[in-house]
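Undergrad: A single structure is presented below for examination.
Rule-based calculations on the coordinates, nothing more; no lab input. What you are looking at is a predicted structure, and each value in this text was computed from that prediction instead of being measured. Reconstructed Cβ throughout: ideal geometry from the backbone, glycine too, with neighbour counts over all protein chains shown.
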Amino acid sequence: MTEVKSGPALQKARSSSLVAVMRRDASKARDYAERHRVARWYADADALIADPEVDAVYVATPPVSHEALTCKALAAGKPVLVEKPMATSVAACDRMIAAARSAGQPLTVAYYRRALPRFEKLRGLIGDGAIGTPRAVAITHLTPRGTIPGVGWKVDPATGGGGIFVDVQCHTIDWLQSVFGPASKVAGLTARQAGDYAAEDFVGFTGLFGAIAVSAMCAYAVAESREDVTIHGETGSLTMSFFKETPITLRAAGRVETFDVADPPHVHQPLVERVVQHLLRGGPNPCSGEDARLTNQVLAAIYGEGS
């Protein structure tokens, strides 16, 4: 995450610099700082938060620790950009939002697809009527059995709040809500079919996002490998992978058209640019705590959980 996606983005975004990093393993913290030319490193989060040259804090730890670290930084008077999902429960999201309000500090969640050019092009095609009035969205995510993330906590519900679905498809849920509106009437089904790890390996759900019907099938112990999202409208459809750099395919009026929009080298950078504009110049918050809480609400409904 921080090696390629976000760390260099924090360094390269206009009016932003990465001045300190923290990791519990001091040798790894030092190594990261030396390789990325970061001035200071810490093995203690409190020390980094207390650093007077740190104006804002980026929390890129597993979800189970998001709440505690975010609230500490906010209480110290520092804005926070926290990784997704925002927390492991809706109640934790509520406490983080309350902490931001109490401290009078901005809180942003790193749903970076909201700012990626490829996704902005997809949003624009929908808004321009390329498929007429949108009616339905189909989400498909299939991976062969044994395709397990290299980081073990991503299939440990106690640490990540769920399995592969929570880790990646929270992005899809957030983006769809940002385009079509908050979800309602969400019903889900989860199953632990192969039993290779503690988390579920099948998730399906249906719901209304605004007025758009959304359905998903996500199976992580099958033969096929496939991932795409198709938005169906009255006059056509748009298809794109959300987790691989693929062209957008438009099917309408008997024709097929593709749009190639490259992802930047550091995919967090467009979001970081917006965060900087929000903090320094009063621009809109690209994904507030209240925005991100909506995704946790959907996850809770899919998993049949309370807050």
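Undergrad: Would you mind calculating the relative contact order of the chain from Cα pairs under 8 angstrom and at least 6 residues apart, reporting the percent as a whole number?
TA: Values: 619 pairs, mean separation 65.4, N = 307.
Value for the chain: 21 percent.
Undergrad: Cα to Cα, under 15 Å, and not fewer than 8 places away if on the same chain: which aspartates and glutamates meet these conditions relative to K154?
TA: E83, D167, D196, E200, D201
Undergrad: Further question: For region 40-101, with only Lys/Arg (+1) and Asp/Glu (-1) charged at the beta-carbon, what is the dipole magnitude about the Cα centre, in debye rounded to 20?
TA: Result for region 40-101 is approximately 180 debye, rounded to the nearest 20.
Undergrad: How far is helix 117-127 tilted, in degrees, relative to the longest principal axis of the Cα atoms in the chain, given as a value from 0 to 90 rounded to the nearest 10?
TA: 40 degrees
Undergrad: Taking the Cα centre of the chain as the origin, how large is its charge dipole in debye, to the nearest 20, when only Lys and Arg (+1) and Asp and Glu (-1) carry charge on their Cβ atoms?
TA: Magnitude of the dipole: close to 400 debye.
Undergrad: Of L208, Y220, T147, whose Cα points farthest to the positive end of the dipole of region 121-262 (charges on the beta-carbon: +1 Lys, Arg; -1 Asp, Glu; origin at the Cα centre)?
TA: L208
Undergrad: Can you order the peptides 158-167, 89-98 by their average number of other Cβ atoms within 10 Å per residue, highest first? All intermediate terms of the calculation are to be shown ahead of the outcome.
TA: On the way: 158-167: 22.5, 89-98: 19.1.
Put in order of decreasing packing, that is 158-167, 89-98.
Undergrad: Using only Cα atoms, tell me the angle between helix 90-103 and the longest principal axis of the chain; keep it within 0 to 90° and round to the nearest 10.
TA: The answer is roughly 50 degrees.
Undergrad: Among 267-274, 45-52, 250-257, what's the highest-first ranking by average C-beta atoms within 10 angstrom per residue?
TA: Final packing ranking: 267-274, 45-52, 250-257.
Undergrad: Then there is this: Is the shape of region 1-125 rounded, prolate or oblate, going by the alpha carbon gyration tensor and its root eigenvalues a ≥ b ≥ c, with a/c under 1.5 for rounded and a/b larger than b/c for prolate? Please report the intermediate quantities before stating the final value.
TA: Working: a/c = 1.69, a/b = 1.11, b/c = 1.53.
The shape class here is oblate.
Undergrad: Rank A198, A136, M240 by how far each Cα sits towards the positive end of the charge dipole of region 121-262 (+1 on Lys, Arg Cβ; -1 on Asp, Glu Cβ) and give me just the farthest.
TA: A136
Undergrad: Considering the options G161, A253, V179, tell which one lies farthest towards the positive end of the dipole of region 121-262, charges being +1 on Lys and Arg and -1 on Asp and Glu at the Cβ, about the Cα centre.
TA: A253
Undergrad: A further question follows. Could you size up the charge dipole of region 1-96 around its Cα centre, putting +1 on the beta carbon of Lys and Arg and -1 on that of Asp and Glu, and report it in debye to the nearest 20? Numbers along the way, then the final one.
TA: Details: 14 positive and 12 negative charges, 59 e Å.
Result for region 1-96 is approximately 280 debye, rounded to the nearest 20.
Undergrad: Mind listing the Cα extents of region 121-262 along all three principal axes, in Å, largest one first?
TA: Answer, in whole Å and largest first: 45, 31, 22 Å.
Undergrad: Further question: Provide the convex hull volume over Cα atoms per residue for the chain, in Å³.
TA: Details: hull volume 40.6 nm³, N = 307.
Spelled out: Cα convex hull of the chain, divided by residues, is 132 Å³.
Undergrad: Going by average Cβ density within 10 Å per residue, which order do the peptides 259-266, 237-244 take, highest to lowest?
TA: Most protected by this proxy first, the peptides run 237-244, 259-266.
Undergrad: Shifting gears a bit: Expressed as a rounded percentage, what relative contact order does region 121-262 have, with Cα pairs under 8 Å and six or more residues apart?
TA: Relative contact order for region 121-262 comes out at 31 percent.
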